[in-house]
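Okay, so here's the structure we're looking at.
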Amino acid sequence: MLYQIQGKYVEAELLYQRALAINEKALGPSHPDTATTLNNLVGLYQNQGNYNEAEPLHQRALTVQEKTLGHYHSDVVQSFSKLAGLYQAQGNISQAIAHHHKETEVEETNLVVILITGSERRKNAYMATISGTTDTVLSLHLQTVHIFTTSAGSNTKLRQLITPNFGRMIFGGPLSRNINRKIGLENG
């Protein structure tokens, strides 16, 4: 990581690739530590803007993590978030939203367990995490709304496109009515 921080990307890439080869040989391609090494290489590629190099490695790491750690593990949640960030950086807002929704689904499931068994400190910390994810997803949705309202101009098609994506997070509640009014989908 030191080379990466110093901007010595070629040296960093060589070391990450070497570490990946060692992990794959010693631990196997489906080991959580191998996924971590993949994610380190992904981070390097993303920092350089090499999204096409990063995406398949990120997908591979996520697959390994889900298979070995389980769908509800915090590393999997973090991978959903990072993959969503990659898609957002590429301008692929629909994929970014889809991966943030996966992240939110897992966070909501984990929240139930934390609310039942966690300390107050842990509950508050997890609520802050979910709040941040929700803010990000809503921001992406609003970007989508702006893009489609300025380019398509069809509120009916817009609602059909966006309503399933918002899901239970906001539609039907007071927040959705305020957003709908602001973007012209509802009077009043």
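Odds and ends about this structure:
- Sole residue being over 28 Å from residue 54 (Cα atoms), hydrophobic (A, V, I, L, M, F, W, C) and crowded, with 16+ Cβ neighbours inside 10 Å, chosen from 140, 111: 111
- Residue that is under 14 Å from the mean Cα position of the chain (by Cα) and free of Cβ contacts under 8 Å to residues at least 24 places away in the same chain, where the choices are 95, 88, 59: 95
- Within the range 117-162, tally of residues that are more than 22 Å from residue 82 (Cβ to Cβ) and modelled with pLDDT of 75 or more: 8
- Enumeration of residues in the range 30-55 that are over 16 Å from the mean Cα position of the chain (by Cα) and among the aliphatic types (A, V, I, L, M): 35, 38, 41, 44
- Subset of the range 77-96 that is among the hydrophobic types (A, V, I, L, M, F, W, C) and surrounded by fewer than 17 Cβ atoms within 10 Å (Cβ to Cβ) - its residue that is modelled with the highest pLDDT: 89
- Counted residues, the range 3-45 - those being within 23 Å of residue 80 (Cβ to Cβ) and among the aromatic types (Phe, Trp, Tyr): 2
- Here residue 10 meets each of (1) under 22 Å from the mean Cα position of the chain (by Cα); (2) exposed (fewer than 13 other Cβ atoms within 10 Å of the Cβ) with one exception, condition (1).
- One residue from 70, 91 being of a type outside the set (Asp, Glu) and either more than 21 Å from residue 43 (Cβ to Cβ) or touching a Leu at 6+ places or on another chain (Cβ under 9 Å) (or both): 70
- The range 62-76 - residue that is part of a helix (DSSP H, G or I) and more than 16 Å from the chain's Cα centre (by Cα) and, of those, surrounded by the fewest Cβ atoms within 10 Å (Cβ to Cβ): 67
The values are calculated or read from the model by the stated rules, or taken from the named source; none is laboratory data. None of these values were measured; they are calculated from a predicted model. Note that each Cβ is placed from the backbone with ideal geometry, even for glycine, and that neighbours are counted across all protein chains shown.
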